[in-house]
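A short worksheet on the structure shown next.
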Amino acid sequence: MNTATRLMASASFAFVAGNAVADEEFTSKFPLRSCNFTSVGGSPYFPIVPGRQTYYSNAACVAKGDCEDLTELWISMEWDLKRIPLSLGRGSRPIIARVMEERETENGELAEISRNFVADCWPSHDVYYFGEEVDIYEDGEIVAHEGAWLAGRHGALPGILMPEDGFMIGSRYFQEVAPGVALDRAEHTKVDFSVQVPAGKFDHCVEVTETTPLEPDAESVKVYCRGVGLVKDDELELTAIYGEARSGN
């Protein structure tokens, strides 16, 4: 995957977060068997709504001279679904995940398209991440699929993209558990603040710092706001929301 501390409303994630803080590590095992996964719903900080699209840009950073290239990102909750067989103990069951497409351009040229597979863990409403298909472009041609993975293949397991309605400072957990391929992890670093971006002013926001052991020096800071979702991704700022009006805080 981005202050007054609020207790976890999600019982399943409270267990995860507690382990993460106590062990001073990032939790990689989650209570999957207690979830009834659905392809709609999500967290107030990560809505899974088919047809919803958000648009981000670093235009402000470029205008200030702090960024050289114009980066634009469209995130769309598609109507498409992905069936993923998931092994749980001695048995297995299919997970029907929503396809979330991310389309990124650099200076107007297509740079990457990824199709991410997400699902809501009912009744907790933690949002789980089951993998992604990745196409990386150069000069209009696909040149790589770096970072692609799928839960259930080659030892990969689901991670948590966003817990339900509540945050504990210091909570740490893996968002992707694909050894050697994708091991993004998140830490809650700030809660309950406001953010002004081109799309408007949003309250009740949280900050999540993302790292990965595959690139020890890399770090990304994301901001999510209640009723809206992702608002900032490093220099990228939410500029427009399509397909759904802004939810109340």
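The values are calculated or read from the model by the stated rules, or taken from the named source; none is laboratory data. Just so we're clear, the structure is a prediction, and the values are computed from it rather than from any experiment. Every residue, glycine among them, receives a Cβ derived from its backbone with ideal geometry; neighbour counts consider all protein chains shown.
Quick notes on this one:
- Flag if Glu106 is of a type in the set (Asp, Glu), over 18 Å from Glu132 (Cα atoms) and at pLDDT 95 or above: yes
- Considering (1) surrounded by 18 or more Cβ atoms within 10 Å (Cβ to Cβ); (2) within 25 Å of Trp122 (Cα to Cα), the lone condition that Val197 does not fulfil carries the number (2).
- Checked against the criterion of being among the hydroxyl-bearing types (Ser, Thr, Tyr) and within 18 Å of Phe37 (Cβ to Cβ), the candidates Ser114, Ser92 yield just one match: Ser92.
- Hits in the stretch 44-67 (condition: of a type in the set (Val, Ile, Thr) and part of a loop (DSSP other than H, G, I, E, B)): Val49
- Strands (runs of 3 or more DSSP E) contained entirely in the stretch 119-175, each with at least 2 residues that are out of contact with any helix residue (DSSP H, G or I) (no Cβ under 7 Å at 6 or more places or on another chain) and closer than 13 Å to Phe30 by Cβ: 126-138, 157-162
- All told, Ala182 meets the bar of being touching a Gly at 6+ places or on another chain (Cβ under 7 Å) and buried (at least 22 other Cβ atoms within 10 Å of the Cβ).
- Number of positions in the stretch 68-114 that are of a type in the set (Gly, Ala, Ser) and not in a strand (DSSP E or B): 2
- The single condition among (1) under 18 Å from Met162 (Cβ atoms); (2) aliphatic (A, V, I, L, M); (3) crowded, with 17+ Cβ neighbours inside 10 Å that Val49 does not satisfy is (3).
- Residue, modelled with the lowest pLDDT, within the stretch 17-53, restricted to residues that are among the small types (Gly, Ala, Ser) and under 16 Å from the mean Cα position of the chain (by Cα): Ser28
- Screening Ile142 with (1) under 15 Å from the mean Cα position of the chain (by Cα); (2) closer than 30 Å to Arg83 by Cβ gives one miss only, at (1).
- Number of positions in the stretch 200-242 that are part of a loop (DSSP other than H, G, I, E, B), among the β-branched types (Val, Ile, Thr) and surrounded by fewer than 23 Cβ atoms within 10 Å (Cβ to Cβ): 1
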